[in-house]
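For reference, the structure discussed in these notes is given below.
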């Protein structure tokens, strides 16, 4: 099976943030603004921690890390206010993503999005960049009840696609999520994200294929 040439690949599960959508800066800027509002100095290591968590777990992390009196729900509401505008007006697809999605569809590959993001935000962003209707569906960590520390979201996505796992590729920019996909039996593609360059070195260790841009697959 040659992933680079799509030989044998009939299904693709895409992560969204940092994989097909150039959106991580929006979250980082919202983190900075939120933490500053609470009277703390921003620490870059916080973003690295948040990147590994689905949304509600990230809110729990912020509450505990900074000993905030706010509830996790209130933290989530404020962060969502900060990021919503960016997703709906500023986020764009990563280089070559639109063309690669079109290539997959032309080749009869069924595709979906599996994200740790909020569903309404994910769907809104994908609609704004004009690719929402290209995907069979969007599934979130909240819907399956687990983050990407386990393969569950990928297994659920495959079930919904009616996919043969051996013929399914998962595209991820996070090494922990890619590792989970590998545990689930999927073929894996790691993609470079400029905000976390060190992560790409981790992806190289176990991904079936790593790319710096979707243009490499066109």
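Data overview
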| item | result |
| --- | --- |
| Filtered residue count, the range 62-93, keeping only those that are without any contact (Cβ under 8 Å) to a residue 24 or more places away in the chain and in contact with a helix residue (DSSP H, G or I) (Cβ under 6 Å, 6 or more places away or on another chain) | 3 |
| Residue check for residue 134: surrounded by fewer than 21 Cβ atoms within 10 Å (Cβ to Cβ) and out of contact with any helix residue (DSSP H, G or I) (no Cβ under 7 Å at 6 or more places or on another chain) | no |
| Condition met for residue 142 (buried (at least 18 other Cβ atoms within 10 Å of the Cβ) and either within 27 Å of residue 26 (Cα to Cα) or assigned by TED's automatic domain parsing to the domain that holds residue 209 (or both)) | yes |
| Conditions (1) in a helix (DSSP H, G or I); (2) at pLDDT below 95; (3) within 14 Å of the chain's Cα centre (by Cα); number of the one not met by residue 198 | (3) |
| Selection count, the range 1-52, where residues are under 30 Å from residue 136 (Cα atoms), modelled with pLDDT of 90 or more, over 14 Å from the mean Cα position of the chain (by Cα) and part of a loop (DSSP other than H, G, I, E, B) | 3 |
| Of all residues making up the range 94-123, the number that are in contact (Cβ under 8 Å) with a residue 40 or more places away in the chain and either more than 23 Å from residue 192 (Cα to Cα) or crowded, with 16+ Cβ neighbours inside 10 Å (or both) | 20 |
| Hits in the range 65-93 - residues which are touching a strand residue (DSSP E or B) at 6+ places or on another chain (Cβ under 9 Å) and surrounded by fewer than 16 Cβ atoms within 10 Å (Cβ to Cβ) | 92 |
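Yes/no matrix, rows are residues, columns are (1) surrounded by 15 or more Cβ atoms within 10 Å (Cβ to Cβ); (2) under 28 Å from residue 45 (Cα atoms):
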position: 165; (1), (2): yes, no
position: 170; (1), (2): yes, yes
position: 173; (1), (2): yes, yes
position: 186; (1), (2): yes, no
position: 192; (1), (2): yes, yes
position: 201; (1), (2): no, yes
position: 205; (1), (2): no, yes
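The values are calculated or read from the model by the stated rules, or taken from the named source; none is laboratory data. Everything numeric here is computed off the predicted structure, so don't read it as measured data. Ideal geometry is used to build each Cβ from the backbone, glycine not excepted, and the neighbour counts take in all protein chains shown.
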